[in-house]
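A.B. asks: Below is the structure I would like to discuss, written out as C-alpha cells.
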Amino acid sequence: MPMEKTFEWPIRVYYEDTDCAGVVYYANYLKFMERARTEWLRQLGWDQQRLLHEYGLVFVVVKAEIGYKKPARMDDSLTIKAQLSACGGVAFTFTQQVCRGDELLATGVIRCGTLEAKTLRPTKMPESLANQLKNIVS
C-alpha cells in the first residue's frame, strides 16, 4: 500500500488538554504529535507492541523542536500532520504541524531513535521497516 507523504490525524481538544487560560497547555502539543506518529506507524503495519514483542526494540524521542504560532482552545477540531523527512538505520526525523482548518498553530521537528528494549542502547531497526521508511522519504 503506497503511503502518502503527509499523514494526517484528527483530534478534538478536551478540557483536560487546556490550562487555566483555556488554551492548550504547551506540552500537550508534543502528545498530539506523538499520537499522530504512532498512528502513522500503525498504518504502515508496525505498531509499538509488535516492535517490542517481535523485535525487542522501542522508539524514543531524542530531540524535539516546537514552534508555537497560535493557541488552540477547548473543543477545537485539530489536524496533526506528520511527514517523515529523514531516515537512517537507527534514527529518523519527522516534521509535524498542528492545524485548525487552514490555520497553522504549531510546528515541530522530532528526531526519534531506535533502542534495544532490554539494554536501552541504540540498535538498528528491522531491515524491512528501514527500507519501507526510506522509500517514503525518497
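The values are calculated or read from the model by the stated rules, or taken from the named source; none is laboratory data. Please read all numbers here as calculations on a predicted model, not as lab measurements. Here the Cβ is made from the backbone with ideal geometry for all residues, glycine too, and neighbour counts use every protein chain on show.
A.B. asks: Would you point out the residue of the range 106-135, among those that are of a type in the set (A, V, I, L, M) and under 15 Å from the mean Cα position of the chain (by Cα), that is farthest from Trp46 (Cα to Cα)?
C.D. replies: So the residue we want is Ala106.
A.B. asks: Look through the range 123-138, keep the residues that are assigned to a loop (DSSP other than H, G, I, E, B) and either among the small types (Gly, Ala, Ser) or closer than 11 Å to Val58 by Cα (or both), and return whichever of them is modelled with the lowest pLDDT.
C.D. replies: Ser138
A.B. asks: Conditions first: (1) touching a strand residue (DSSP E or B) at 6+ places or on another chain (Cβ under 7 Å); (2) among the small types (Gly, Ala, Ser); (3) over 30 Å from Val90 (Cβ atoms). Ala21 passes all but one, so which condition is the exception?
C.D. replies: With respect to (1) touching a strand residue (DSSP E or B) at 6+ places or on another chain (Cβ under 7 Å); (2) among the small types (Gly, Ala, Ser); (3) over 30 Å from Val90 (Cβ atoms), Ala21 is out only on (1).
A.B. asks: List every residue pair whose Cβ atoms sit under 6 Å apart, with the two residues 6 or more apart in sequence or on different chains, where the first one lies in the range 93-122 and is in a loop (DSSP other than H, G, I, E, B) and the second, anywhere, is of a type in the set (Val, Ile, Thr).
C.D. replies: Ala117/Val58
A.B. asks: Can you give me the number of residues within the range 35-75 that are among the charged types (D, E, K, R), assigned to a helix (DSSP H, G or I) and without any contact (Cβ under 8 Å) to a residue 12 or more places away in the chain?
C.D. replies: Within the range 35-75, residues that are among the charged types (D, E, K, R), assigned to a helix (DSSP H, G or I) and without any contact (Cβ under 8 Å) to a residue 12 or more places away in the chain number 3.
A.B. asks: Taking the residues in the range 65-78 that are touching a helix residue (DSSP H, G or I) at 6+ places or on another chain (Cβ under 9 Å) and crowded, with 16+ Cβ neighbours inside 10 Å as candidates, determine which candidate is nearest to Arg111 (Cα to Cα).
C.D. replies: Ile66
A.B. asks: Quick check on the range 21-37. Is at least one of its residues at pLDDT below 95, over 13 Å from the mean Cα position of the chain (by Cα), hydrophobic (A, V, I, L, M, F, W, C) and over 20 Å from Val137 (Cα atoms)? Lay out the reasoning, then the answer.
C.D. replies: Taking the range 21-37 and keeping what is at pLDDT below 95, we get 21-22.
Pick out the ones that are also over 13 Å from the mean Cα position of the chain (by Cα) and you get 21-22.
Filter once more, so that each one left must be hydrophobic (A, V, I, L, M, F, W, C): 21.
Still in the list and also over 20 Å from Val137 (Cα atoms): 21.
Yes; the residues of the range 21-37 include at least one that is at pLDDT below 95, over 13 Å from the mean Cα position of the chain (by Cα), hydrophobic (A, V, I, L, M, F, W, C) and over 20 Å from Val137 (Cα atoms).
A.B. asks: What about Ala117, is it modelled with pLDDT of 95 or more and buried (at least 19 other Cβ atoms within 10 Å of the Cβ)? Please lay out each step first, then the result.
C.D. replies: On the way: modelled with pLDDT of 95 or more: yes; buried (at least 19 other Cβ atoms within 10 Å of the Cβ): no.
Against the criterion (modelled with pLDDT of 95 or more and buried (at least 19 other Cβ atoms within 10 Å of the Cβ)), Ala117 does not qualify.
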